[in-house]
Amino acid sequence: MNQEEVVNIISTKLKLIRTEYDYTQDKMAEILGISKKTLVQIEKGRTSASWTLTVATCALFRDSEILSSVLGADPLEVMETIAHKNIDRPKDKTMGGKVWWKQVNKMKTYRLQQNVISQHYRILDEDDFRWYSSFHKEDAVQKLMELSKKKGQ
């Protein structure tokens, strides 16, 4: 998944997200900081959302079931991974990957998972904290090996 694909996905789902929250077009446009005319154009498929609008939508509607269903789990994790190419630091505690994730590999106290929708990878520790995310399996496997060697694990 890349920026263009996510922009297209969010553009096509913006109306569903708006109706999920029971917002009018006026209210949704106000929340997103765009004109109603722009929102209507996006909802009708005449134009696409910008990358900035896509990220704002994911941030402001992070708990949307629509977003979770099209991006898999945490929309902001997908956005951050795309924007930075990977996430290489301990981050938020996760739910452990029970719904949107399949386990790819495990080394000592770390496990590598792949999101079944976005296809990106992440590494979690035994307490379900995310240590790394990437769309590149080779990078994720390398990081998994590095983490499993640290601190005598």
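Summary of values
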read-out	value
Answer residue from the stretch 132-153, given it is under 26 Å from Ser69 (Cβ atoms) and not hydroxyl-bearing (Ser, Thr, Tyr) and is modelled with the lowest pLDDT among those	Phe135
Options Lys36, Lys27: the member that is of a type in the set (Lys, Arg) and either buried (at least 16 other Cβ atoms within 10 Å of the Cβ) or touching an Asp or Glu at 6+ places or on another chain (Cβ under 9 Å) (or both)	Lys36
Breaking point among (1) in contact (Cβ under 8 Å) with a residue 60 or more places away in the chain; (2) under 16 Å from Asp139 (Cβ atoms); (3) surrounded by 16 or more Cβ atoms within 10 Å (Cβ to Cβ), for Val70	(2)
Any hit, the stretch 37-57, residues being under 19 Å from Ser134 (Cα atoms), under 19 Å from the mean Cα position of the chain (by Cα) and without any contact (Cβ under 8 Å) to a residue 40 or more places away in the chain	yes
Top-ranked residue of the stretch 61-89 - restricted to ones that are part of a loop (DSSP other than H, G, I, E, B) and either within 12 Å of Leu14 (Cα to Cα) or of a type in the set (D, E, K, R) (or both), ranked as farthest from the chain's Cα centre (by Cα)	Arg89
Asp128 vs. criteria in contact (Cβ under 8 Å) with a residue 12 or more places away in the chain and surrounded by fewer than 16 Cβ atoms within 10 Å (Cβ to Cβ)	yes
Boolean, Arg111 is assigned by TED's automatic domain parsing to the domain that holds Arg18 and over 11 Å from the mean Cα position of the chain (by Cα)	no
Test result for Thr54, among the polar types (S, T, N, Q), out of contact with any Asp or Glu (no Cβ under 7 Å at 6 or more places or on another chain) and buried (at least 18 other Cβ atoms within 10 Å of the Cβ)	yes
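Residue-wise test of (1) closer than 20 Å to Asp92 by Cβ; (2) assigned to a strand (DSSP E or B); (3) touching a helix residue (DSSP H, G or I) at 6+ places or on another chain (Cβ under 6 Å); (4) among the acidic types (Asp, Glu).
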{"position": "Gln119", "(1), (2), (3), (4)": "no, no, no, no"}
{"position": "Ile123", "(1), (2), (3), (4)": "yes, yes, yes, no"}
{"position": "Glu126", "(1), (2), (3), (4)": "yes, no, no, yes"}
{"position": "Tyr132", "(1), (2), (3), (4)": "yes, yes, yes, no"}
{"position": "Glu138", "(1), (2), (3), (4)": "no, no, no, yes"}
{"position": "Met145", "(1), (2), (3), (4)": "no, no, no, no"}
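Quick grid of which residues meet (1) within 24 Å of Thr52 (Cα to Cα); (2) modelled with pLDDT of 90 or more; (3) not polar (S, T, N, Q):
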site	(1), (2), (3)
Thr81	yes, no, no
Asp88	yes, no, yes
Thr94	no, no, no
Trp101	no, yes, yes
Arg111	no, yes, yes
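This table checks each residue for (1) hydroxyl-bearing (Ser, Thr, Tyr); (2) outside the structural domain of Ile123 (by TED's automatic domain parsing); (3) assigned to a loop (DSSP other than H, G, I, E, B).
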| residue | (1), (2), (3) |
| --- | --- |
| Gly45 | no, yes, yes |
| Ser48 | yes, yes, yes |
| Val55 | no, yes, no |
| Ala59 | no, yes, no |
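The values are calculated or read from the model by the stated rules, or taken from the named source; none is laboratory data. Keep in mind it's a predicted model, so treat the numbers as computed, not measured. In this analysis, Cβ positions are derived from the backbone assuming ideal geometry, glycine residues included, and neighbour counts consider all displayed protein chains.
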